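The values are calculated or read from the model by the stated rules, or taken from the named source; none is laboratory data. All values derive from a computational prediction rather than experimental measurement. Note: ideal-geometry Cβ built from the backbone for every residue, glycine included; neighbour counts use all protein chains shown.
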Amino acid sequence: MALTVLVTGASGFVGSHLARALEEEGHDVRAMTRRPERYDGAGTPVRADVSDPDSLVEAMRGVDAAYYLVHSLDSADFVEKDAEAARAFSAAAAEAGVRQIVYLGGLGDETEDLSPHLRSRRQVEGLLGSDGVPVTVLRAAIVVGHGGISWEITRQLVKNLPAMVAPQWVATRTQPIALQDVVRYLVGVLDNPDALGRVFEIGGPEVLSYRDMLRRASKIQQGRDVPIVVVPVLTPELSSRWLSFVTDVDTATGRNLIESMDNEVVVKDDTIREVVPFEPMGYDDMVRVALSDRLRAGEAV
């Protein structure tokens, strides 16, 4: 059945692909953006901002389901901003009679000392459902695809550095997932009675350290291995400055991501495979697709 679906962050990394996929499925997509006059993606652009509760009222009118794909990771006070935005979104969705909110959050074991970034993602999960709208949460680690910040860090590091002096977090394990598979899960849980009000963990088929990911990406992208020497004295502050020096990721975003890289982020429960059954892409294929998409967009690898 065709639904009216609101996609926040519709011009972003995941949102732009999701809006197109939903439209291809026959849904009426409202692409929420602060600058609709600049939007040229799938769906009908609607002006709204999660930091402006009043703007959400009209954007939500007549909406069956809403995807929440925004964050304030590039701000020093992102925890407070994201909490306020989630409260406003929850209230507006409840007032409009929205039947489902779908949120893309982050993996991480709650028994560990989660980073501020991952703790914030957990807080947002709870706040989005605080006014009674059923929330479906998909928790992911690194999403590999052209245009994603985490993937760009990997791509630029292996491109710019013939060898790396890297922080200790390169030994941390993670479970990357392809952008295309994230979108497939996001579409698959829409209006799915088995997904309402539930939290799912999503990931690709391989658990890898960041070191493994860098080395395998380098072999595919550069045709060579990249030597990596771990230096345990690099603090998050120094690591973020290192990243901003060798990549174009800004220091604030880099630091917030780096603080999360000490946390192991792997799938512990693969129930999602029963609700949205398919075989996710392996890491090497993710890298090849991301590089191919970059070339197709007219950008050098």
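Counting only residues that are modelled with pLDDT of 95 or more and of a type in the set (Phe, Trp, Tyr), how many does the range 155-194 have?
Matching residues across the range 155-194 total 1.
Any residue in the range 158-173 that is crowded, with 21+ Cβ neighbours inside 10 Å and closer than 25 Å to Arg20 by Cα?
no
Identify, please: which residue in the range 182-218 is more than 16 Å from Tyr67 (Cβ to Cβ), not in a helix (DSSP H, G or I) and not small (Gly, Ala, Ser) and is, among those, nearest to the chain's Cα centre (by Cα)?
Glu201
Among the residues of the range 133-181, what is the count of those that are under 10 Å from the mean Cα position of the chain (by Cα) and of a type outside the set (A, V, I, L, M, F, W, C)?
3
Within the range 19-70, can you find the residues that are in a helix (DSSP H, G or I) and in contact with a strand residue (DSSP E or B) (Cβ under 6 Å, 6 or more places away or on another chain)?
Matches in the range 19-70: Ala19, Leu22, Glu23, Pro36, Ala59.
Condition check: in a helix (DSSP H, G or I) and touching a helix residue (DSSP H, G or I) at 6+ places or on another chain (Cβ under 8 Å). Does Arg87 satisfy that?
yes
Looking at the range 88-97 only, could you name the residues that are surrounded by fewer than 23 Cβ atoms within 10 Å (Cβ to Cβ) and aliphatic (A, V, I, L, M)?
Of everything in the range 88-97, those that are surrounded by fewer than 23 Cβ atoms within 10 Å (Cβ to Cβ) and aliphatic (A, V, I, L, M) turn out to be Ala88, Ala91, Ala94, Ala96.
Any residue that is crowded, with 23+ Cβ neighbours inside 10 Å, β-branched (Val, Ile, Thr) and more than 13 Å from Leu104 (Cβ to Cβ) - is there at least one of those in the range 178-197?
No, the range 178-197 contains no residue that is crowded, with 23+ Cβ neighbours inside 10 Å, β-branched (Val, Ile, Thr) and more than 13 Å from Leu104 (Cβ to Cβ).
Scan the range 52-87 for residues that are under 18 Å from Gly15 (Cβ atoms), of a type in the set (Gly, Ala, Ser) and either at pLDDT 90 or above or surrounded by fewer than 19 Cβ atoms within 10 Å (Cβ to Cβ) (or both) and jot them down.
Within the range 52-87, Ser55, Ala59, Ala65, Ala66, Ala85, Ala86 meet the criteria.
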